[in-house]
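Read the figures in this text as sums done on the coordinates, not as results from a lab. These numbers come from a predicted model, not from an experiment. Methodologically, a virtual Cβ is constructed for each residue, glycine included, from the backbone with ideal geometry; neighbour enumeration extends over all protein chains shown.
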Amino acid sequence: MKTILTTSPTEAAEHIRRGGIVAFPTETVYGLGANVFDENAVARIFEAKQRPADNPLIAHISSLEQIGQLAVEITESANKFIEVFFPGPLTIVLQKRDEVPLVATAGLDSIGIRMPRFELAKQFLAACGTPVVAPSANLSGRPSPTTWQAVAEDLDGRIDCILQGEITEIGLESTVVDCTGEVPILLRTGSVSLKDLRTVIPETATLNGDIETIRSPGMRHRHYSPTAKVELVDDFPTAINDAAAIGIGAIPDGFGYSIACRSVEEYAHSLFEFFRESDRRGISTIYCQIVPVNGIGAALIDRLRRAAEA
Ligand code: TXA
Ligand code: MG
């Protein structure tokens, strides 16, 4: 299959309307989209990414009205979060309608819903005329792509089209919160922090260990891992040429590759592309400086820990 590159959201949407699968940029990472109601197209996403069939997808919408096509009911907690955080990097999980095929939700009776705020994503989704399910547009287990080139590196020849945009603004995947029950439950951290959610609903809970893997199946799979070994450090060791380093502030001379970030936001924005570039350069060990766990720092530490475990 030849993968078409385009900067036109309407041309990219045309592929979705014809039953194709299309990578597109959002403010978090690039997604690999299909029409949620087209079971064949949705199945092709799992095939192209080599994604385990038990890992559910997030539906992306361009208007709040589209929630009615996906969810049985918008719960009170969902309503509050939507009011504050939509459009933006927050995914809410609600009971799904019967019309939503089980292949999209990996057999679950719930569906994750997100409304991106990035302009090109909005234009693309509006032109699709339907909610679009999209996981991150990487091969399963690789770091999520933040550039269209990273998408092509993993998926060229496996998908119909790539909508080319800039490097994504945030660089980490959306926050996921389960709003199906009495109390909302944070399932995945992102740039919308637990503190942000609790500003809106103070009772918002978190999960730990075993329960988390049951409620958010995707979290138990390997994630975000470069080929190089990842080590988390407070201070950098003596530099060697086949090691790489990323952190905040100064980095000692002598690493084969390094990025000194000015803020936690810039660190989050740069991390996944830094992992990929380290692999391209044949780096053997990547040293990542630990950051405080407030704001997007919690999400950054979560992704760093997963990468270091792999
Ligand atoms: O920022 C993002 O969320 C990006 C962009 C493309 O929107 N998408 C993304 O998708 O990161 P993915 O498939 O890589 O991660 C989706 C996460 C997984 O951890 C999955 O388990 C969880 O969301 N999830 C999706 N639907 C769910 C559901 N119904 N119940 C619980 N967790 C769900
Ligand atoms: Mg992913």
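Just a few scattered comments:
- For region 87-92, backbone phi angles converted through the Karplus equation (6.51, -1.76, 1.60; θ = phi - 60°) give residue-by-residue couplings of x, x, x, 10, 10, 10 Hz, Gly and Pro being listed as x.
- Ranked by the mean number of other Cβ atoms within 10 Å of their residues, highest first, the peptides 8-16, 126-134 come out as 126-134, 8-16.
- Inter-label distance for F37 and A308, nm, one decimal - labels placed 7 Å from Cα along Cα-to-Cβ: 4.7
- Residues E169 and I4, FRET efficiency given R0 of 22 Å [Cβ-Cβ distance, rounded to 0.05]: 0.35
- Highest-MSF residue in the chain out of V192, V36, V200 [GNM, Cα springs under 10 Å]: V200
- Axis angle, to the nearest 10 degrees, between helix 119-128 and the longest C-alpha principal axis of the chain: 30 degrees.
- Global geometry of the chain, whether rounded, prolate or oblate, following the gyration tensor of its Cα atoms and the 1.5 cut on a/c: oblate
- Spatially proximal aspartates and glutamates relative to K229 (Cα-Cα < 15 Å; intrachain offsets below 8 disregarded): D242, E277, D279, E309
- E73-I290 FRET efficiency (beta carbon distance; Förster radius 41 Å; 0.05 resolution): 0.50
- Local net charge near A13, Cβ-Cβ under 12 Å (Lys/Arg +1, Asp/Glu -1): 0
- A simple rule links phi to the HN-Hα coupling: the Karplus curve 6.51 cos²θ - 1.76 cosθ + 1.60 with θ = phi - 60°, which for region 14-28 gives 4, 5, 5, 5, 8, x, x, 10, 9, 8, 8, x, 10, 6, 8 Hz, with x for Gly and Pro.
- Three-way shape label, region 34-117, alpha-carbon gyration tensor, a/c 1.5: prolate
- Each residue of region 75-82 was assigned a 3J(HN,Hα) from its phi angle through the Karplus curve 6.51 cos²θ - 1.76 cosθ + 1.60 (θ = phi - 60°); the sequence is 5, 4, 5, 4, 4, 5, 5, 4 Hz, with glycine and proline shown as x.
- FRET efficiency, D98 to R280 (Cβ-Cβ, R0 45 Å, nearest 0.05): 0.50
- Of D235, D109, D196, the sequence from fewest to most neighbouring Cβ atoms within 10 angstrom is D235, D109, D196.
- The chain, helix-only ellipticity at 222 nm - DSSP H runs n ≥ 4, -39,500 (n - 2.57), divided by all residues, nearest 500: -9000 deg cm²/dmol
- A simple count of charges around P89, restricted to other residues whose Cβ falls under 10 Å of its Cβ and scoring Lys, Arg +1 and Asp, Glu -1, yields -1.
- Gaussian network model of the chain, Cα within-10 Å springs - most flexible of S136, S63, S193: S63
- Database remark: amide H of G31 closer than 5 angstrom to the amide H of F24, T26, A137 (H placed geometrically; neighbours at sequence offset of 5 or more, or on other chains; Pro and chain starts carry no H).
- For the pair E65 and E203, label points projected 7 Å from Cα toward Cβ lie 3.3 nm apart.
- Relative contact order of the chain, pairs being alpha-carbon contacts under 8 Å that are 6 or more residues apart, as %: 21
- Antiparallel bridges, percent of DSSP beta bridges restricted to the chain (to nearest 5): 35
- Most mobile of P87, P252, P101 in a GNM of the chain (Cα contacts under 10 Å): P252
- For V293, residues with placed amide H under 5 Å, excluding near neighbours: none
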